[in-house]
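Following: one structure in structure tokens, then a few remarks.
The values are calculated or read from the model by the stated rules, or taken from the named source; none is laboratory data. Bear in mind that the values here come from a model prediction, so they are computed numbers and not experimental data. Please note: Cβ atoms are built from the backbone with ideal geometry, for glycine as well, and neighbour counts cover all protein chains shown. Surface areas here come from the heavy atoms of the whole protein model, side chains and all, with no ligands, DNA or RNA. Shrake-Rupley method; radii C 1.70, N 1.55, O 1.52, S 1.80 Å.
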Amino acid sequence: MPGKNTIKAYIPNHYYHIYNRGWNQTEIFLDEADYGQFEYLIARCLSSTIIKDSKGREYKRLNDELDLNTYCLMPNHFHMLVFQHGRQGITQFMQSICTAYTMYFNKKYKRRGPLFENRFKGVEIVSDEQLMHTTRYIHLNHWDFRTWPHCSYQDYLKPNDCREWIQTKPLLALFDNIKQYEKFVLDYEKEQRDREAHKRSVVDTI
């Protein structure tokens, strides 16, 4: 039986919440260089700039197939909000970055085998309300989200400094201005933290 939120076919021109975690919930980012490498792999796929390997071969770019709107990297998992233009953008994107990152991680830490927990998961976004909540949920994942460098929150607050491979405009267009988006996120912080604390307390009692 397929796992929860395991989608076999992603619909073109749709938003999805994509996420995955380390095998057996182990950490997948052990230092700043690891976070930076994962972000480099994302940028390599989605940048408009052609990037070549040491032999002069161009890495495959997927910026015409997929937009990354929101993301957050955590020690043992990650979240992304993406918009898929074609039919294979999400699958190709996830295979590209997760395969390359696993190879990097295994070589660096002298390990073998899978790094991520099975296939990544995806949730289809079916309304503007769900879309707005998902970007807020992703940004609030880290307790220090205001200063956490490995998420897209600051790209939303400072659009003039937004990284090329993060597309904030479609989400910000749902709000009157940036301040309204910021308030939308901050107003939900306590509720999200309370829910996280409740989930942890339930797990601790099992």
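What the table below lists for this structure:
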quantity: Accessible solvent surface per residue of the chain, calculated while the other protein chains remain in place, 1.4 angstrom probe, Å²; calculated: 56 Å²
quantity: The chain - percent relative contact order, Cα under 8 Å, separation 6 or more; calculated: 27 percent
quantity: Share of carbon and sulfur in the accessible heavy-atom surface of the chain [1.4 Å probe, %]; calculated: 52 percent
quantity: Residue-averaged 222 nm ellipticity for the chain, from DSSP H runs of 4+ at -39500 (n - 2.57), nearest 500; calculated: -12500 deg cm²/dmol
quantity: Sites E129 and K55, calculated FRET efficiency, Cβ-Cβ separation with R0 35 Å, nearest 0.05; calculated: 0.15
quantity: Cleavage-rule hits (chymotrypsin sites (Phe, Trp or Tyr not before Pro)) in the range 8-60: DSSP loop, at most 16 neighbouring Cβ within 10 angstrom; calculated: Y59
quantity: Filter on K52/K179; K52/K108; K108/K190; K121/K169 - keep pairs with C-alpha separation over 30 Å; calculated: K52/K179; K108/K190
